[in-house]
């Protein structure tokens, strides 16, 4: 899909209006129907800035608005329907205890997770949905999501603008970043699971020792 979009945008007859529309569409839709090649498309759009096909600031503004509206849309869905959807039991692959943990994480680190949202590709729709289901403040969530989207989109567009014709080289670094983030998150989850199990076992053993 991204190849087709990039082919269209490479046309010499492409207008700034269409570039902005595509930027908005991909940033908005990624929150609702992941996975989406939004980062790669945005990277390419950034390269168009170096050829004077579009200005940096309008592109950044429209992309950020798209990201933010997509976040808010999924947030509201989570806020209104989250409990109903999660409590139906239709998501067999999600264990009740996993849902309980997710809710606890959001109640404790909710806004921190929202800030990190844009830097965690592939989890954006999940984060916005659970943020709504966890009853976080709409105003605060929107504010932090806006900051996150602005910073991330600015970095991606700047990278595309800097690399210009060689923007595909930046994709290599982007993919490496995703792998590193995934590895760090996986390692962190493993440590958390180990700590939780040993911590729970230690508490049980300590309780049994006192009872004896």
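If the condition is being assigned to a helix (DSSP H, G or I) and surrounded by fewer than 17 Cβ atoms within 10 Å (Cβ to Cβ), then region 43-56 contributes only 56. Quick check on residue 139: is it buried (at least 23 other Cβ atoms within 10 Å of the Cβ) and closer than 16 Å to residue 76 by Cα? No, not satisfied. Within region 27-42, if we keep just the residues that are over 20 Å from residue 172 (Cβ atoms) and buried (at least 19 other Cβ atoms within 10 Å of the Cβ), the residue that is modelled with the lowest pLDDT turns out to be 31. Take the conditions in contact with a helix residue (DSSP H, G or I) (Cβ under 9 Å, 6 or more places away or on another chain) and either within 24 Å of residue 168 (Cα to Cα) or not in a loop (DSSP other than H, G, I, E, B) (or both) and apply them to residue 59. Does it pass? When the stated conditions are applied, residue 59 passes them. Summed over region 142-176, residues that are over 13 Å from residue 42 (Cα atoms) and crowded, with 23+ Cβ neighbours inside 10 Å total 2.
The values are calculated or read from the model by the stated rules, or taken from the named source; none is laboratory data. Not measured: the values here are computed from a predicted model. Neighbour counts run over all protein chains shown; Cβ positions are idealised from the backbone, glycine included.
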